[in-house]
Amino acid sequence: PRTLWLTGELMICAGVTRGEGTIWLSLQAQPHRVFEGDILILRCRGRKNAELSQVTYYRDGKFLHFSKNNRPVFLGTATANSSGHYNCTGRVKYTRNMDSWDSGTATVQVQEWFLPPVLTALPSHELCEGKPVTLRCQTKLHSQTLAWRLLFSFHKDGRTLQNRSPRPELRIPAAKEGDSGLYWCKASPEGGRVQKRSPQLELRVWTPVSRPLLTLRPTSLVVGDEVELLCEAQRGSPPILYSFHLNGDILRNHVAPHGGPASCLFRVMSQQDAGSYSCEAGNRVSRETSEPETLSVDDPQVLSAPTSRNWLVPGLLASLLAMMVIAAALLGYFRPWRKNEGLFFTCHAKGSTEGHSQLPELTHTQEKDSIGRKRPELETFESWVGKMP
């Protein structure tokens with residue numbers, strides 16, 4: 001058998017010789033150079049246009065089509081999947097030899113008009129609010145189709161932003177947080193039947209956090225009372241990392257995965273919990289610190305001596321109360337949930353925590369203080385941002 005590939009002629013054909021060099025069958029694929037979108041037709045022909053019957057077509061050795069009277073096979077619109085090795089078998093009518101003949105192999109290679117487009121964002125697919133960004137739909141035409149003009153469409157979240165324009169770019173002069181989303185582009189030749197879509201590109205526009213407001217509830221109390229620290233940044237793209245500080249030292253941090261405020265609740269254990277409190281809010285592009293708020297813890301008051309003759313009972317009660325306060329203070333100093341160990345806080349974000357598992361985990365390593373107790377060393381803001389996807 002011999003196989004012929006005719007790449008510059010009118011057709012792709014293949015034939016098999018038998019006996020004295022006679023080519024009985026040939027397979028033709030039209031058009032001779034197949035591009036995506038072309039109508040692909042296969043014909044099995046006999047020598048000198050001899051009529052054929054019982055014709056079977058194969059692709060890559062597998063059955064494709066059977067024609068009793070040898071009608072052409074229309075394979076429809078050609079795609080990359082149409083490429084392959086084709087052959088046909090059949091019988092030549094009006095001959096004494098009723099054997100089935102084989103055409104041999106014809107190779108069909110469907111060529112692309114242009115490469116699948118790729119959507120890129122310049123200067124980056126992540127940017128701060130107010131910055132410009134350009135979306136570019138990039139592709140490359142085949143050398144045989146350089147004269148064709150491509151048209152480009154841009155889409156976001158199912159909406160068409162630009163439809164069939166010769167410009168391969170879409171410019172957003174001042175991006176807003178609402179411009180965040182999934183984008184893709186399509187390219188097609190003018191008047192052509194082929195259309196190709198790019199993979200999706202996620203554009204993320206970050207709004208910097210505003211200066212957070214810290215609220216203490218209440219601001220003046222005594223040992224044993226509970227106090228809430230509420231920190232809120234009115235603006236800023238989530239997730240937001242909040243951290244709480246006392247006299248400049250970090251106490252606790254917490255992630256608000258969907259924005260909104262964060263709250264920490266703790267019980268005052270001693271006068272050491274008094275001081276200047278502040279909070280910090282940060283996201284991927286900025287961080288801000290609140291104005292400090294002062295928390296005061298009142299001293300235990302010793303009741304003054306009564307003037308009445310019944311001073312003994314109130315005096316004893318006052319002494320007993322003072323001893324209880326001192327005992328509570330000592331207990332608070334030595335108990336393991338002192339603030340230096342960071343275990344007395346109960347923190348949570350106001351609102352839903354759905355999706356929190358997809359955010360970077362806050363790392364709490366352990367080190368020992370001066371008397372051997374363990375206390376957490378909270379992860380830094382820079383480390384947390386570095387782990388964000």
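Against the conditions (1) farther than 30 Å from Val297 by Cα; (2) open to solvent by 30 Å² or more (accessible area, probe 1.4 Å), where does Ile240 fall short? Just the number, please.
Ile240 satisfies all of (1) farther than 30 Å from Val297 by Cα; (2) open to solvent by 30 Å² or more (accessible area, probe 1.4 Å) except (2).
Any idea which of (1) farther than 17 Å from Gly236 by Cα; (2) open to solvent by 10 Å² or more (accessible area, probe 1.4 Å); (3) modelled with pLDDT of 90 or more; (4) not hydrophobic (A, V, I, L, M, F, W, C) is the one Thr307 doesn't satisfy?
For Thr307, the exception is condition (3).
Take Gln234 and tell me if it is open to solvent by 40 Å² or more (accessible area, probe 1.4 Å), of a type outside the set (D, E, K, R) and within 30 Å of Thr120 (Cβ to Cβ).
Numbers: open to solvent by 40 Å² or more (accessible area, probe 1.4 Å): yes; of a type outside the set (D, E, K, R): yes; within 30 Å of Thr120 (Cβ to Cβ): no.
Considered against the rule, which asks whether it is open to solvent by 40 Å² or more (accessible area, probe 1.4 Å), of a type outside the set (D, E, K, R) and within 30 Å of Thr120 (Cβ to Cβ), Gln234 comes out as no.
Does the range 134-152 contain any residue that is at pLDDT 95 or above and exposed (fewer than 14 other Cβ atoms within 10 Å of the Cβ)?
Checked against the condition, which is being at pLDDT 95 or above and exposed (fewer than 14 other Cβ atoms within 10 Å of the Cβ), the range 134-152 yields at least one hit.
Can you tell me which residues in the range 1-57 are of a type in the set (A, V, I, L, M) and at pLDDT 50 or above?
The initial filter retains those residues of the range 1-57 that are of a type in the set (A, V, I, L, M), namely 4, 6, 10-12, 14, 16, 23, 25, 27, 29, 34, 39-42, 50, 52, 55.
Of everything in the range 1-57, those that are of a type in the set (A, V, I, L, M) and at pLDDT 50 or above turn out to be Ile23, Leu25, Leu27, Ala29, Val34, Ile39, Leu40, Ile41, Leu42, Ala50, Leu52, Val55.
Checking Cys185 against (1) within 23 Å of the chain's Cα centre (by Cα); (2) outside any strand (DSSP E or B), which single condition isn't satisfied?
Only one criterion in (1) within 23 Å of the chain's Cα centre (by Cα); (2) outside any strand (DSSP E or B) is unmet by Cys185, namely (2).
Output the number of the condition that Ala106 fails; it satisfies all remaining conditions of (1) at negative phi; (2) surrounded by fewer than 17 Cβ atoms within 10 Å (Cβ to Cβ).
The number of the failed condition is (2).
Within the set of pairs 6 or more residues apart or between chains, which connect a residue that is over 17 Å from Trp206 (Cβ atoms) inside the range 116-131 to a residue that is of a type outside the set (S, T, N, Q) and not in a strand (DSSP E or B) with Cβ atoms less than 8 Å apart?
Partner pairs satisfying both residue conditions: Val118/Pro199; Leu119/Pro199.
Condition first: within 21 Å of Val285 (Cβ to Cβ) and of a type in the set (S, T, N, Q). Now tell me which residues in the range 205-246 satisfy that. Working first, answer last.
So in the range 205-246, the residues within 21 Å of Val285 (Cβ to Cβ) come out as 205-213, 231-243.
Selection gives Thr207, Ser210, Gln234, Ser237, Ser243.
Pull up the range 44-72, narrow it to residues that are surrounded by 19 or more Cβ atoms within 10 Å (Cβ to Cβ) and part of a strand (DSSP E or B), then point me to the one that is nearest to the chain's Cα centre (by Cα).
Quick first cut of the range 44-72, residues surrounded by 19 or more Cβ atoms within 10 Å (Cβ to Cβ) only: 44-46, 52, 55, 57-58, 70.
Subset that is part of a strand (DSSP E or B): 44-46, 52, 55, 57-58.
Values: Cys44: 51, Arg45: 54, Gly46: 58, Leu52: 58, Val55: 52, Tyr57: 46, Tyr58: 44 Å.
By that ranking, first place goes to Tyr58.
So, Ala262, is that one within 26 Å of Asp179 (Cβ to Cβ), at pLDDT 90 or above and within 27 Å of the chain's Cα centre (by Cα) or not?
On the way: within 26 Å of Asp179 (Cβ to Cβ): no; at pLDDT 90 or above: yes; within 27 Å of the chain's Cα centre (by Cα): yes.
Here the answer is no, as Ala262 does not meet what is asked.
Just give me the residues in the range 205-226 being touching a helix residue (DSSP H, G or I) at 6+ places or on another chain (Cβ under 7 Å) and either within 24 Å of Phe266 (Cβ to Cβ) or in a strand (DSSP E or B) (or both), in sequence order.
First, pick out the residues of the range 205-226 that are touching a helix residue (DSSP H, G or I) at 6+ places or on another chain (Cβ under 7 Å): 205, 207, 223-224.
Selection gives Val205, Val223, Gly224.
Scanning the range 76-93 for residues that are in a loop (DSSP other than H, G, I, E, B) and in contact with a strand residue (DSSP E or B) (Cβ under 7 Å, 6 or more places away or on another chain), which turns out least open to solvent (accessible area, probe 1.4 Å)? Before the answer, list the steps.
Restricting attention to the range 76-93, the residues satisfying the condition of being in a loop (DSSP other than H, G, I, E, B) are 78-79, 83, 93.
Filter once more, keeping what is in contact with a strand residue (DSSP E or B) (Cβ under 7 Å, 6 or more places away or on another chain): 78, 83, 93.
Working: Ala78: 3, Ser83: 24, Lys93: 65 Å².
Per the criteria, the residue is Ala78.
The values are calculated or read from the model by the stated rules, or taken from the named source; none is laboratory data. As the structure is a prediction and not an experimental result, all values here were calculated from the model. Positions of Cβ are backbone-derived with ideal geometry, glycine not excepted, and every protein chain shown enters the neighbour counts. These accessible areas exclude ligands, DNA and RNA; they are computed on the full protein's heavy atoms, side chains included. Shrake-Rupley method; radii C 1.70, N 1.55, O 1.52, S 1.80 Å.
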